[in-house]
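Following: one structure in structure tokens, then a few remarks.
Any read-out appearing in this document is the output of simple, stated calculations on the displayed coordinates, not a laboratory observation. Predicted model, so just to flag it, every value in this text is computed and none were measured. Note: ideal-geometry Cβ built from the backbone for every residue, glycine included; neighbour counts use all protein chains shown.
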Amino acid sequence: MQDAALHGAQVPSRDAILDAATALMARLGYAGASISKISAASGAPVSSIYWHFGSKDGIYLAVLRRARQYLVGSLPGARPAGDTVRERLTAFLDGASAAFEHHPHDLRLLLGLGMLEEGMGAAAIAELGQYRLDLRQWATDSLGHVFGLADRPAVADELARFMLSVVGGTAIARWFDGPVTPLPVQQLCVALLALARHHGLPVDEDRA
């Protein structure tokens with residue numbers, strides 16, 4: 001409390017510290033984003049960072065929770081519109097792509113790229129695991145609606161896992177190449193339709 005009162009308005013806000021920590025942790029991983037680097041990037045004294053978050057794990061938990069709020073809040077609803085399978089699938093993938101494009105740092109954090117490192121606290125690992133479960137549940141519910149899989153949840157889960165593996169691969173590519181690598185929406189659409197056909201699902205326009 002004394003540290004915050006001493007610095008007052010000159011100290012960057014909690015959100016400004018989280019902005020800097022999010023960018024660093026998404027780019028460098030948990031181990032690489034040191035308190036000193038977060039301090040330098042945000043302009044906040046180390047003492048202020050500890051005052052707000054208590055520890056590095058405290059910062060990471062706050063980063064993950066905010067990333068979850070932003071990304072999950074931006075995802076399209078689990079009942080994409082459309083009269084046919086293709087229309088619903090296109091609406092779903094377009095909405096997912098838009099959400100991921102607007103939250104690249106949050107997506108990396110949510111996917112956990114480079115984050116499961118020695119030294120990271122159990123609470124942070126559990127939080128990251130829950131994020132991944134939430135994302136998979138959203139994708140499973142959405143694709144279940146797209147393909148009419150209310151009575152075949154295992155197939156919906158398989159499609160969701162495949163879709164998220166492609167999203168994860170895109171995030172890895174961006175790790176090296178930057179934002180020039182888009183989510184391959186058209187190719188993903190073709191692949192999901194092919195997987196649906198493999199499971200005997202009616203995906204042709206006249207049978208949707």
Original post:
Once fully extended, how much extra length lies between Asp15 and His198, figured as 0.36 nm per residue of separation less the alpha-carbon to alpha-carbon distance?
Top reply: 61.2 nm
**OP:** Mind checking the full-extension length gain between Asp177 and Ala150? Use 0.36 nm per residue of separation minus the Cα-Cα distance, one decimal, nm.
**Re:** 5.8 nm
Original post:
How large is ³J(HN,Hα), in whole Hz, for each residue of the stretch 18-23 in order, when computed from phi with the Karplus curve 6.51 cos²θ - 1.76 cosθ + 1.60 and θ = phi - 60°, using x for Gly and Pro?
Top reply: 5, 4, 5, 5, 4, 4
**OP:** Starting from the Cα of Ala123, step 7 Å along the direction of its Cβ; do the same at Gln187; then give the gap between the two resulting points in nm.
**Re:** 4.1
Subject >> Phi to ³J(HN,Hα) by Karplus 6.51 cos²θ - 1.76 cosθ + 1.60 over the stretch 76-88, Hz, x for Gly, Pro >> reply: x, x, 7, 10, x, 6, x, 8, 10, 4, 4, 5, 5
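Any chance you could run the full-extension gain for His102 through Val166? It's 0.36 nm times the residue separation minus the Cα-Cα distance, nm to one decimal.
Working it through step by step, the gained length comes to 21.3 nm.
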